[in-house]
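Each value in this text was obtained by applying a stated rule to the coordinates, not by laboratory testing. None of these values were measured; they are calculated from a predicted model. Cβ atoms come from the backbone with ideal geometry, glycine included; neighbour counts cover every protein chain shown.
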Amino acid sequence: MHIKILLVIIVGTLLSGCTGSTVNDSKNYFIINGFAQGTYYRITYHDRKRRNFQPEIEKLLQEFERSLSVYDSTSIISRVNRNEDVEVDDYFIELFNRAAEISRETNGAFDISGEPLYLAWGFSRKNKIPMDAHKVDSLKHYVGMDKIKLEDRQVVKTNPNVVLNGNAIAKGYSTDVVARFLESKGCKDYLVDIGGEMHMKGKSTKGRDWRIGIDSPIDGNFEPGAEVQVILEVSNKGLATSGNYRRFYIENGKKIGHTINPVTGYPTNHNLLSCTVIADDCLTADAFATAFLVVGLDSAKRWIEKFSGLEVYFIYDDNGEFKTDYTKGMERHIVRTKKEQTP
């Protein structure tokens with residue numbers, strides 16, 4: 001698994017670096033911007049009552065981070081990782097149970113207990129350490145959702161060295177949380193975008209489904225929207241994209257990507273560069289985008305047949321040339337591809 005990175009843009013809008021809100025007076029659409037989970041959020045919603053929900057959404061996201069942020073030493077997940085006696089909350093329970101379920105469905109390709117491996121390979125909060133087969137094998141003793149469970153809001157581990165990191169799905173899950181909040185307020189048209197993971201419903205400010213641009217997987221492409229591979233039109237779904245080209249290092253002349261296979265314990269080595277998943281909720285889309293990127297194109301295409309409700313868009317390397325593949329249901333979402341876009 002890996003740390004999530006920005007791979008998508010909302011077509012027709014600019015991502016603002018400012019915290020605040022604006023409103024389209026004629027259409028009653030609010031756009032609120034801010035920061036959460038170490039990244040931006042941008043939320044667009046329609047409300048006939050012209051209510052500004054930013055204060056409530058900010059509070060909601062703060063509560064979410066106090067539960068699941070590994071960067072907050074006082075959060076529930078941080079305390080669990082230190083083996084403290086702590087009662088977990090509803091956010092933790094929902095993320096944990098869904099993560100465990102998807103881990104089983106993907107034969108461990110998605111696994112939020114893979115933190116020891118991510119740390120060791122240098123793609124988490126600490127510097128990497130020299131890795132060899134012995135070190136990988138020793139760390140794998142602490143990885144696996146079968147080594148940790150919930151009992152009456154308490155976490156039970158088979159080994160105290162088991163630690164969790166929900167970063168691979170936390171942003172996706174938080175978009176679902178905000179979407180539920182907007183639903184509870186009667187909003188039927190909205191797009192919640194947190195660090196590039198999205199949950200959208202109804203119509204955009206232009207009266208059509210929401211248009212999303214997926215970046216081309218070019219090494220060093222850190223500017224969202226600079227190179228867009230495809231534009232998708234989506235509504236009433238969650239969307240997440242995972243890529244293996246913006247975060248890597250070179251060691252002994254070899255490129256080491258940040259996607260670690262928690263089953264083998266090693267960085268992945270295949271030609272799949274980017275994977276976009278559309279699902280009923282963003283947590284699910286987020287998790288499967290990660291899992292598919294772990295196993296690669298061929299395995300992912302075989303898996304899709306057994307996972308209902310997922311549409312997927314792949315970008316892969318074919319001898320130095322970007323090529324794409326996608327599920328049949330994805331066709332109806334494609335508005336424009338890179339070759340069709342006008343300069």
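For this structure, a couple of remarks:
- The fewest-to-most ranking of Arg66, Arg211 by surrounding Cβ atoms within 10 Å reads Arg66, Arg211.
- Using a Förster distance of 22 Å, the FRET efficiency for Glu94-Asn159 (Cβ separation, nearest 0.05): 0.35
- Prolate/oblate/rounded label for region 63-137 (Cα gyration tensor, a/c 1.5): oblate
- Packing, taken as the mean count of other beta carbons within 10 Å per residue, orders the peptides 282-293, 140-151 from highest to lowest as 282-293, 140-151.
- Full-extension gain in nm, Asn319 to Arg302, via 0.36 nm per residue minus C-alpha separation: 3.9 nm
- When peptides 259-272, 162-175 are ranked by their average number of other Cβ atoms within 10 Å per residue, the highest-first order is 162-175, 259-272.
- Charge dipole of region 64-165 (Cα centre as origin; +1 on each Lys and Arg Cβ, -1 on each Asp and Glu Cβ, all else neutral): 460 debye, rounded to the nearest 20.
- Cα gyration tensor, region 262-343 - rounded (a/c under 1.5), prolate or oblate: oblate
- Listed peptides 106-112, 33-39 appear in the order 106-112, 33-39 once ranked by packing, highest mean of other Cβ atoms within 10 Å at the front.
- In sequence order, calculated HN-Hα J values of region 193-209 (Karplus, 6.51, -1.76, 1.60; Hz; x Gly/Pro): 10, 10, x, x, 9, 9, 9, 10, 8, x, 10, 7, 4, 8, x, 10, 4
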